[in-house]
Amino acid sequence: MYSESDQVKADMDKHDQKIEVIVNELQSLKKKRESDPLSKNDSLRIEYLFNQYQNLKNGH
């Protein structure tokens, strides 16, 4: 019983870490945007990261 709850906690921690990585990268792209125009690749990356963030937040 405890091992199952430990696995759930580990999965939740991994989930939170993925969200944190996405948020940090989006914040760095925001800072880049403030100083220089974004490239097409940057814009595509933002779109991809936002979609990943939405999927993680919605539990997919």
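Taken together, the values in this text are just the output of simple stated rules run on the coordinates, not laboratory data. None of these values were measured; they are calculated from a predicted model. For neighbour counting, all protein chains shown are included, and Cβ atoms are generated from backbone atoms with ideal geometry for every residue, glycine included.
Things to note:
- Between Ile19, Ser43, Gln54, the Cα set farthest toward the positive side of the dipole of the chain (charges on each charged residue's Cβ, about the Cα centre) is that of Ser43.
- The residues packed around Ser43, meaning those with a beta-carbon under 14 Å from its beta-carbon, carry a net charge of +1 if Lys and Arg are +1 and Asp and Glu are -1.
- Other residues lying with their Cβ under 12 Å from the Cβ of Glu25 contribute a combined charge of +3, Lys and Arg counting +1, Asp and Glu -1.
- Each 5 Å bin, from zero up to the one with the longest distance, holds this percent of the alpha carbon pairs of region 4-58: 4, 19, 22, 19, 14, 9, 6, 4, 2, 1.
- Karplus-derived 3J(HN,Hα), 6.51/-1.76/1.60, for each residue of region 18-27, Hz, glycine and proline x: 4, 4, 4, 4, 5, 4, 4, 5, 4, 5
- Helix-derived mean residue ellipticity, 222 nm - over the chain, DSSP H n ≥ 4, -39500 (n - 2.57), to 500: -31000 deg cm²/dmol
- Net charge in the neighbourhood of Met12 (other residues with Cβ under 15 Å of its Cβ; Lys, Arg +1, Asp, Glu -1) is -2.
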